[in-house]
Amino acid sequence: MMGHKNLSKSVAISAALLMALCAFAVFAVEDSDAESFGSNDVKVSGFKQDKAGTITVTVHECAPEHVVKIVALEDGVIKGEGAEIAHEEDVAISISFKLSQGTHEIVLKGYVDGSEFGVPQYVTVESADNIWSHVTSYIVLIVVVIVVIVIAVLYIRAKPNNKPTTTFTQLEEEKKAARAESTKAAAPAKTEKVKYTSSRRK
């Protein structure tokens, strides 16, 4: 009697294990065709202090007409998200947001029609220092411009002979005036000669 009960119990356990195994196999087959993305499907670019960068994620095996969304989080806080309606099996989703200068650990999670899918991906993002975000950079630039202007003004004042003092027009006017003066000076001498000749004829 005890052996019969043990046999029934073993059969029941075996049946339960077989059903669980079948369910796992079906889940594995279905999951292999489900939406997914990996670390190689993540591209990071353009992050600088006070300037938005972009993370682009390519999701594979997307079901047609389903909304595929990727959310980027840091320390549990959403930094940005992007969504696309799937028209092909591979969908590229871009997320743009700003990060402070330094190293950031970003977690990327995927959702299809509101349900999470796949395995979250962890990405290290380096946000470069943007020198133009500092007020001191502008102050230094202004000081340099002022110094250059002062040096240029001092140089021009110290070299007054670099500029021509007489223009071409002034030279022409001086030549004309000199010719006119010479003509006036020659005219009285001619008159005196005529008078002298006339007196000799008398």
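Any read-out appearing in this document is the output of simple, stated calculations on the displayed coordinates, not a laboratory observation. These numbers were taken from a predicted model, which means no experiment stands behind them. Don't worry about glycine lacking a Cβ; one is built from the backbone with ideal geometry, like all the others, and counts go over all protein chains shown.
A few remarks follow.
- Net charge of neighbours whose Cβ lies under 12 Å from the Cβ of SER45, counting Lys and Arg as +1 and Asp and Glu as -1: +2
- Potential lengthening of the chain between GLU126 and VAL144 amounts to 3.3 nm, from the contour at 0.36 nm per residue minus the alpha-carbon distance.
- Taken along the Cα-to-beta-carbon direction at a fixed 7 Å, the label points for THR54 and ASP113 span 3.0 nm.
- Cleavage-rule hits (trypsin sites (Lys or Arg not before Pro)) in the range 25-131: DSSP loop, at most 15 neighbouring Cβ within 10 angstrom: LYS98
- Of the GluC sites (Glu not before Pro) found in the range 43-113, those that fall in a DSSP loop while having at most 14 other beta-carbon atoms within 10 Å are GLU65, GLU88, GLU89.
- Couplings for the range 94-104, taken from phi via the Karplus curve 6.51 cos²θ - 1.76 cosθ + 1.60 with θ = phi - 60°, read 9, 10, 10, 6, 9, 9, 6, 5, x, 9, 10 Hz in order; Gly and Pro are left as x.
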